[in-house]
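Working notes for the structure below.
The values are calculated or read from the model by the stated rules, or taken from the named source; none is laboratory data. For clarity, every value in this text was computed on a predicted model and none was experimentally measured. Neighbour counts are summed over all protein chains in view; Cβ atoms, including those assigned to glycine, are modelled from backbone coordinates with ideal geometry.
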Amino acid sequence: MLMFFTQFFLVLAAILLGIRRGGLALGMIGGLGVAVLVFIFRVQPSEPPIQVMLIILAVVTSSAALQVAGGLDYLVQLTERLLRAHPNRVTLLAPICSFFLTVCVGTGHAVYALFPVIADVAWRTRIRPERPMAVSSVAAQMGITASPVAAAVTTFLAYSIKMGTPVTIFDIVKITLPAGLVGVLAASLWSLNRGKDLDKDLEFLERMKDEEFRKQLDVTVTTLDKKLPAKAKLSVAIFFSGVLFIVLLALRDTFVYSGYHLPNILPLVNGKAIPMSTVVQMIMLACGAFILFATNINAKDIAKASVFAAGMTAVVSIFGIAWMSDTFITSNQPFLIAKMRIMVQAAPWTFAIAMFCVSAFVKSQAATLTVMMPFGIALGLPAKLMLGLMPASYAYFFFCFYPSDLAAINMDRTGTTHIGKYLLNHSFMIPGFIGVGVSTTVAYILAKLAFHF
């Protein structure tokens with residue numbers, strides 16, 4: 001018991017220190033934690049999450065190629081045209097657009113380009129910018145579990161194979177996409193009337209007395225005047241062709257598992273089909289190569305893209321923190337299972353609470369699933385039950401230190417999107433709880449109806 005809690009507090013301290021340092025620190029300090037567990041506590045190290053890291057590398061490389069080719073800017077411009085055409089509905093439309101942008105490109109970091117536009121549209125319509133900004137940041141991260149090319153989805157897929165229950169990407173998305181959308185809509189509806197209108201907000205009116213503050217609000221922010229490369233649309237077409245191909249392969253697997261006999265598109269290796277996680281890696285890297293050749297972008301620019309930098313940070317973070325967590329869980333598995341089994345067997349949905357708590361500290365849904373899926377396997381939970389709990393892997397809005405939340409605060413020039421005096425009373429807390437709570441509930445119900453577990 002003493003040894004368990006000593007190791008537990010070591011892991012917790014490493015996570016908190018990594019979060020405090022930010023950036024690559026989470027991964028490096030996680031690696032230090034593995035070293036301490038192995039050399040000091042003499043536990044056996046688990047296998048690092050190589051498959052998860054490779055999937056992220058492939059998707060991020062392709063997404064960065066799309067960004068360099070101008071494809072991401074093209075998608076942002078389409079979204080801006082929609083928002084400016086319906087400015088009074090920005091609190092509803094902005095989070096839905098943010099959600100689907102993530103679904104399309106597989107990373108929530110794509111929303112950064114939208115934030116200045118959302119804030120500008122809200123301000124010029126005299127809608128409190130906090131309303132669409134906070135929920136859009138939350139919605140962008142909720143889209144991760146609904147994206148067929150997101151690391152969290154392919155991570156779940158890889159672990160579900162170990163659980164002996166065939167689950168395809170199509171099975172995952174058909175649950176998480178509608179559930180996520182319902183959750184985003186619920187959070188958006190709540191946000192329609194949050195906070196005071198700008199003309200009644202005494203704090204904002206006080207700031208308006210400052211001439212410099214008023215001047216910076218008058219600056220127009222738009223992406224529509226940005227000239228895009230001629231082949232930006234082509235890069236989008238190539239990228240989405242790859243995503244569509246992955247979805248079609250997943251749909252074929254769904255029919256095969258249902259008893260239909262369909263021709264196998266992929267070659268067999270030792271009589272077995274190539275794992276879908278490997279297929280995603282191949283296709284996304286191939287999409288990146290096709291974009292490279294078709295648009296003639298400079299390969300060196302891909303490594304400098306903001307999407308690539310954010311993705312590499314995620315890879316290092318998952319490498320260290322997930323490896324440390326899995327090592328701790330594996331070495332203490334009998335003790336943990338004995339404590340958790342009764343609770344989870346009596347109420348399986350309580351596993352979602354545990355996943356939510358882990359995610360609040362491990363600021364990655366893929367990393368959260370990498371940490372928690374071995375728990376589920378050890379507890380004997382079916383993959384299709386855990387699929388219904390998958391939206392609960394997003395809780396890093398809780399402490400409001402995630403880059404997209406900080407970006408939303410910084411890009412709201414009115415200052416209405418904020419971190420409160422007491423740290424936890426920030427703009428993202430209630431939309432986050434509503435969005436994740438509703439989407440997890442809906443996903444659990446849909447999974448139960450679809451798979452009869």
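Just one of the numbered conditions (1) under 13 Å from the mean Cα position of the chain (by Cα); (2) under 15 Å from L93 (Cβ atoms) is not true of T155: (2). Quick check on my filter: what residues within segment 382-407 are more than 16 Å from the chain's Cα centre (by Cα) and outside any loop (DSSP other than H, G, I, E, B)? Correct list: A383, K384, L385, M386, G388.
Taking residues in segment 47-74 that are on the phi > 0 side of the Ramachandran plot, and partners anywhere that are surrounded by 24 or more Cβ atoms within 10 Å (Cβ to Cβ) and not hydrophobic (A, V, I, L, M, F, W, C), the pairs with Cβ atoms closer than 9 Å and at least 6 places apart or on different chains are G70/S235. Listed by position, the helices (runs of 4 or more DSSP H) contained in segment 1-110 that have at least 1 residues being of a type in the set (S, T, Y) and closer than 30 Å to P229 by Cα are 50-68, 71-85, 90-105.
Here segment 197-241 is the region considered, the condition is being among the aromatic types (F, W, Y) and under 30 Å from F293 (Cα atoms), and the residue that is surrounded by the fewest Cβ atoms within 10 Å (Cβ to Cβ) is F240. Restricting attention to segment 285-328, the residues that are more than 20 Å from P403 (Cα to Cα), at pLDDT 90 or above and assigned to a helix (DSSP H, G or I) add up to 15. Counting the residues of segment 311-352 that are more than 18 Å from the chain's Cα centre (by Cα) and of a type in the set (V, I, T) gives 7. Residues of segment 347-381 being part of a loop (DSSP other than H, G, I, E, B) and either at pLDDT below 85 or buried (at least 19 other Cβ atoms within 10 Å of the Cβ) (or both), which ones? Of everything in segment 347-381, those that are part of a loop (DSSP other than H, G, I, E, B) and either at pLDDT below 85 or buried (at least 19 other Cβ atoms within 10 Å of the Cβ) (or both) turn out to be A347, P348, V362, K363, S364, G380, L381.
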